[in-house]
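Notes to accompany the following structure.
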Amino acid sequence: MPPSNATTTPPEAIAAARSNLLLDTLPVSAVTNAMVALIAVAPLSSSLASTGLWIWAAVMLGLQGMRLLLWLAWRRSPSTATDTETNQRHRRLRLLRGTAWATGASWGAIPLALFPADRLAQSMVAFILAGISGAAVAGLAFDAWTSGVFIVSLILPLAMRLFFTDTPMTTAMAATVCIYLLYLAVAIRRGQSQFLQLLDWRTRAEAGSARAQRQARLHAVLAQSNQLGATATHAESFYTAVCAAAVDSGALLRATVLLSSVIEPPKDAAAPPMAEAAWREGRLQFIPRDGVTAACMPLRVQGRIEALLCVEAATLPGEEASLREWLQNLGASLERGLQAIAQRAHIERLQKLYSALIRVGEVVLQARSADEMVAHTCNTLAEDTQFHAAWLAQPDPDGAFHILARAGEGAVQLDHFRVRLNDTNRAPLVLRVWDTQTLQVCNDLLHDPHMLPWRQTLAHYRWHAALAAPVLRGGALWGVLVFTSPQAGAFDDQTIGLCEQVAALLGYGLDEFDVKERLSQLQRIEAHRARHDTLTGLPNRYALEQYLPAVIERARRQGNAFALGMIDLDGFKRINDTWGHSAGDRVLRELTRRLQAVRRQGDYLARLGGDEFIVVMEDLNPLEVHGQFAHSVERLRQAVAAPFDIAPNVQMPMDMSIGIASYPIDARDADTLMRLADKAMYAAKSSKSQTQG
C-alpha cells in the first residue's frame, strides 16, 4: 500500500483511463460476442424455435455492430483528464458501460426466454455463458461496474433458471454457477485493485518525471543566472534577462524585480502587499495556494536591500521545500551578480578616473596658462567619467565666490552662483572647504537637510552627490574644485583619494607657473605612488609584476633558483572589525617594519593589498631551495610572533600563514608562481583552521 502522502490518481483521470480502456477493448469484445452468438445458434437451433433464436441473434449482432460504430466514431478522440467538457466524458463512459450491460443482458435472455429442454443443450448454454463471463472478467476487470453488471445480468438468470428447473443435475449446476459467480466477483475486485494500483504507479512516475524536468529547468535557470551575472554590465538588464530566462524555460509562471524606488517607503500603494512585507521584514515571503506559489525575496547589495524578486510558480504536491530552497539560491545568484556588476562598474569608474587623472597630468604639462589649465581640467573631469559636472570656484577680494571654469551637465546654473565668505549659512561645500581647508563630501545631497534651499535645482540637474577639494597654490588655499555625480554614494574611499589627487595635481600644475621644480617633484611622487603602497611604503602589485620577469630571467641566465612566498596575517579581519581600520593600519605598518628587519639583504618585499604580502628570495641553490627558504620563513614567523599594539594598553598576538612556490621547481612563469603560492597559502590557512577546530 502506498504511503498516505504518496501521489494518487485523481478521480477524473481514473474515469478517463476507464473510458479509454473500454474504447480500446470494444472492437475485440464486439467481434468476440458476435462470433460466439453465431456459434451458439447452431446447437440451440435443434431444440428451440428458430424464429425466436434468430431474432435474438439479430439483436445481438445489431448491438455489436452499434458498438463497433461507436468505436469507429471515438477512436481518434480518446478521453483525457484535462478535458474541459466533463459532462461529455461522463456521457461517453455511461454509453460504453450501457452497451456492455446490454450485451450481458442479451446473453442473460437465453436462460430466461430461450433455455432449451434438452440436457445436453442446457450444458452447452451453461458452458457458453460461463466462457463469456470469464472473458468479460478478463477483459473488463479494470472497471468493476461494467464487468460486475455484465456478469450479474448474465450469470444470475442462468443460476435462477437452472435452480427452478428443479432436477438434481440442474440444481448442482446452479450451485456451481453461484460458486463461479463468487469467484468472478473476487477476480473483478482483484482486477480493479490492480488497475488502480497501476494507475497510481503511472501517476507517481509521471509526477516524478515532471519534478525531475522541473528541477532540470530550475537548475538551468540558476546556471544561466550565474552566467549572466558574470557578464552583465547593468543591474536592470541583468534583472530582465534572468526573469525572461526563468519564464521562457517554464521554470516560473511570472518573474519580476521591483526596484527600491517602487517599494520605498513600504506603504507605497504601487507596491504589492507581499512585496511590502518582504521589504519591511527583510526576508523571503512564501505563499503556496491552489497549486501556485507566490514568493517575494529581498535582494541585498552590501547589506542594503536594493530590489525585490517577486515570482509565481506552479508547484506539485510536496515541492514547496525544494522551490523555497531554489528561490533562495536564485536570490543568492542575483546578489552575487549584482555584487559583480557593482564591482565592475566601480572598477570601470576608477579606470576612467585614473585615465582622467592621466589626462589632467597631460593638461598640466601642456597648458600654456593657469586659465587654460583650469578650464581643460574641468572639461576632462566631466568627459567620460562618473561625474556630471566639474567646476572650480575662488573668492574675489570682496569675498564673493566666482566660477573660474565649469563643464558638464547643469554647469550653466553656476552663472548665477551666489556664495560669499561671510554668509551665515555654511552648508555649501565650498564654504566648508574654505573654513576647514580640507576635502568635503556629501554623498546624498537630496536628503541632506542643510541642502534644502537648493534641493529642487540639485534634483533637476541630477546632482545627487558632490565632493569639494581644496586646490593649493604656493602652499596656500587658492580655490575649490567641485565634482558632482548623479549617483548617491558615488564617493567611496578610492574615488575620494583619486579626486584628492586630481585637486593636488591641479595645484601642482598651478605651482609650475611659480616654481618649475615643483612639477618634476610631483612627477617623481606620482611615479612612486604608482609603484608603491601608500600605507607601508612597500612596492605594490604593479611593481611586483614588473619585478618578477626580471628575476625569472636573471635566475634562468645564472642557473639559480628563487622562492616566492605569499604571506597572509591570520586574524587581521578581527582587528579591523573590533578596533577599526586605524588599528589595522598600525598593525600593517608594524608588520612591514618587522619583516624588513629580518629579511635577508637582497630579498624583495611587496604588499599585494589588505594583509597579503609577497617576499621573493633570490640566489638559492636549486637543490636546497626548501631548506634555505624554511630558515628564512622561521625568521619571518618569529618577527610576527611578538604581540602587536592594537590600541593604548592593548596588545594582541598574531600569526601568519605562508604559501611557497619556487622557480624552476614548481613553475617557470610569474603568473603560475603567484597562483601556486596563493593556493599553498590558503591550504596552510585551512589546515591551521582545521587543527585549531
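Among residues of the range 547-575 that are of a type in the set (Lys, Arg), none has a Cβ under 6 angstrom from a residue that is surrounded by 19 or more Cβ atoms within 10 Å (Cβ to Cβ) and modelled with pLDDT of 95 or more at a sequence gap of 6+ or on a separate chain. Taking the conditions (1) among the β-branched types (Val, Ile, Thr); (2) open to solvent by less than 30 Å² (accessible area, probe 1.4 Å); (3) at pLDDT below 75 in turn, residue 358 satisfies each one other than (2). Per this entry, residue 524 is counted among residues that are open to solvent by 90 Å² or more (accessible area, probe 1.4 Å) and either assigned to a loop (DSSP other than H, G, I, E, B) or of a type outside the set (A, V, I, L, M, F, W, C) (or both).
Just one of the listed residues (599, 589) is open to solvent by 20 Å² or more (accessible area, probe 1.4 Å) and free of Cβ contacts under 8 Å to residues at least 40 places away in the same chain, namely 599. Residue check: residue 104 meets all listed conditions (1) modelled with pLDDT of 75 or more; (2) over 60 Å from the mean Cα position of the chain (by Cα); (3) open to solvent by 20 Å² or more (accessible area, probe 1.4 Å) but one, namely (3). Restricting 459, 389 to residues that are free of Cβ contacts under 8 Å to residues at least 40 places away in the same chain and either within 21 Å of residue 507 (Cα to Cα) or under 45 Å from the mean Cα position of the chain (by Cα) (or both) narrows the list to 459. Under the condition of being in contact with a helix residue (DSSP H, G or I) (Cβ under 9 Å, 6 or more places away or on another chain), within 18 Å of residue 383 (Cα to Cα) and in contact (Cβ under 8 Å) with a residue 40 or more places away in the chain, the residues counted in the range 462-484 number 5. Being under 41 Å from the mean Cα position of the chain (by Cα), open to solvent by 70 Å² or more (accessible area, probe 1.4 Å) and more than 25 Å from residue 678 (Cα to Cα), is that true of even one residue in the range 469-489? Yes - at least one qualifying residue is present in the range 469-489. Consider the range 639-693 and keep the residues that are of a type outside the set (A, V, I, L, M, F, W, C), touching a helix residue (DSSP H, G or I) at 6+ places or on another chain (Cβ under 8 Å) and under 24 Å from residue 578 (Cβ atoms). The one that is surrounded by the fewest Cβ atoms within 10 Å (Cβ to Cβ) is 653.
Does residue 127 satisfy being in contact with a helix residue (DSSP H, G or I) (Cβ under 7 Å, 6 or more places away or on another chain) and either modelled with pLDDT under 75 or of a type outside the set (A, V, I, L, M) (or both)?
Judged against the criteria, residue 127 is not a match.
When we screen 255, 241, 220 for residues that are open to solvent by less than 40 Å² (accessible area, probe 1.4 Å) and either out of contact with any strand residue (DSSP E or B) (no Cβ under 7 Å at 6 or more places or on another chain) or at pLDDT below 80 (or both), the only hit is 241. Among the residues of the range 423-443, which ones are surrounded by 20 or more Cβ atoms within 10 Å (Cβ to Cβ) and within 19 Å of residue 507 (Cα to Cα)? Matches in the range 423-443: 429, 430, 431, 433, 434, 439, 440. Scanning the range 272-305 for residues that are more than 16 Å from the chain's Cα centre (by Cα), under 14 Å from residue 335 (Cβ atoms) and in a strand (DSSP E or B) returns 304, 305. Considering 151, 155, the condition of being closer than 27 Å to residue 195 by Cβ, in contact with a Cys (Cβ under 9 Å, 6 or more places away or on another chain), buried (at least 17 other Cβ atoms within 10 Å of the Cβ) and modelled with pLDDT of 75 or more is satisfied by 155 alone.
The values are calculated or read from the model by the stated rules, or taken from the named source; none is laboratory data. Because the structure is a prediction, the values reported are computed rather than measured. Counting neighbours? That spans all protein chains shown, and the Cβs are built from the backbone with ideal geometry, glycine included. All accessible areas refer to the heavy atoms of the entire protein, side chains included, with ligands and DNA or RNA removed. Shrake-Rupley method; radii C 1.70, N 1.55, O 1.52, S 1.80 Å.
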